[in-house]
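Working notes, structure below.
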Amino acid sequence: MSEFHDASASGAEADLAPGEEQLDGSGVAHGVRGYLIGLVLAAGLTAASFYVCFSGLIYGPAVPAALVALAVAQMGVHLVFFLHLTTGPDNTNNVLALAFGVLIVTLVIGGSLWIMANLDHNMLPMTRVVEMQR
Amino acid sequence: MTAAHPVDSDSIVQMGLEGGAAPGRGTGGPASKRVYVGYGFWIFILSDMVMFSAFFAAYAVLADATAGGPSGRQLFDLTNVAWETACLLLSSFACGLASIAAASRNALWFHIAMAVTFVLGAAFLGLELKEFAGLAAAGDGPQRSAFLSAFFTLVGCHGLHITAGLLWLLTMMAQVAAKGFRADIMRRILCFTLFWHALDIIWVAIFTVVYLMGKTP
């Protein structure tokens, strides 16, 4: 019997599946509230993105950076409130996998842009290449 | 009796070997099947995002390669995009409510929430197909320029994921109706909600990188 008590006591440390609903605590209302907070935050960030794009509130050349910041924030909201990712020990595996995914995505996108910008800078424009082949 | 009693199925369940909660991380035996099925699907979703990152990279590199054709600034209709975004965000929210209903074993609310998820997802898909059809009809299909090829590949790939997700959603509704909230069905519902929320995350990247950045001067 005591073994089972130990197991349930350490149950708080058990691994969680990603996206797991935890309703054992305060029930359905608590779960719905989490999604509502996520919905309001995500809608607010989306509205801010569309607003920033048009309003001229932000200095023109800085608009792409602002859009990226808002998008990253919204992805964070989705991960926390919709996919229930936390920094707790029961989520370590899920967060580590996500961190590796983010690393690869950053390398692929950042690396491609970097290399192609360098090629653009260092090589003849395509129109000149075509002219030379004539 | 006390020396070596056989392990009965109840104690296996209580020890967490079948759907219960084993401590994991090497203590107390393997994690429950629900945990490693969800984790495996999480790995799939992340690899899917790596695939999308290649399409994003291609689009970002080719966004200016319009070959004398129209650019995103002339083509994109942000009102349409705003409606698409609203549909998909609300669909993701409804999907979350469906997973709460499943967790509390409420079949009626599960079906209602999943039906709302489906209708909103289908509305998103309809708006996207309308945009694609409009572009193709105006001669601005994927064959027009490298920019449009990359655009149709990236956004179309997301649309294909949504289509597959809608079919999966209907399958889950049918399975819950026919088989109830069995442990294996619950694992599939978990994987489906992961998939649907992940598609909304990818859409956030699409409306930011493709549409909003395409429209900013």
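The values are calculated or read from the model by the stated rules, or taken from the named source; none is laboratory data. Note that the structure is a prediction, hence the values are computed from the model and not measured. All Cβ positions, glycine included, derive from the backbone under ideal geometry; neighbour counts span all protein chains shown. Ligands, DNA and RNA are excluded from the accessible area calculation, which covers all protein heavy atoms including side chains. Shrake-Rupley method; radii C 1.70, N 1.55, O 1.52, S 1.80 Å.
The table below gives the values:
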| quantity | calculated |
| --- | --- |
| Protection proxy ranking of A:49-58, B:178-187 - average other beta-carbon atoms within 10 Å, highest first | A:49-58, B:178-187 |
| Pair B:Ala138, B:Ala54: separation of 7 Å Cα→Cβ label points (nm) | 3.1 nm |
| Mean Cβ neighbour count within 10 Å, used as a protection proxy, ranking B:136-144, A:30-38 highest first | A:30-38, B:136-144 |
| Whole-Å distance, taken between Cα centres, linking region B:39-118 and region A:70-99 | 17 Å |
| Signed unit charges on C-beta, dipole axis of chain B, positive-most listed residue B:Gly156, B:Gly38, B:Gly141 | B:Gly38 |
| Size of the A/B contact, given as accessible area buried on both chains, probe 1.4 Å, in Å² | 4300 Å² |
| Average beta-carbon neighbours from other chains, 10 Å sphere, peptide B:92-101 | 6 |
| Dipole of chain A, positive direction: furthest Cα of A:Ala62, A:Val105, A:Val77, with charges on the beta-carbon | A:Ala62 |
| Long-range HN-HN contacts of B:Ala65 with modeled amide H, under 5 Å | B:Phe147 |
| Shielding score for B:46-58, defined as the mean number of other chain Cβ atoms within 10 Å | 5 |
| Solvent-accessible area per residue for region B:84-182 (1.4 angstrom probe, square angstrom) | 39 Å² |
| Pairs of alpha carbons in region B:112-216 whose separation is greater than 22 Å (percent) | 41 percent |
| Shielded by partner chains, region A:21-63 residues - at least 40 Å² of accessible area, 1.4 Å probe, vs chain alone | A:Glu21, A:Leu23, A:Tyr35, A:Leu39, A:Phe50, A:Cys53 |
| Residue mean of other protein chain beta carbons inside 10 Å, A:86-95 | 2 |
| Convex hull per residue volume in Å³, alpha carbons only, for the protein assembly as shown | 167 Å³ |
| Overall dimensions of chain B by Cα: Rg and Dmax, Å | 22.1, 86 |
| Computed magnitude of the charge dipole of the protein assembly as shown (debye, nearest 20; Cβ of K, R +1, Cβ of D, E -1) | 740 debye |
| Helix-only CD estimate at 222 nm, as mean residue ellipticity for the protein assembly as shown, using -39500 (n - 2.57) per DSSP H run (n ≥ 4) | -24000 deg cm²/dmol |
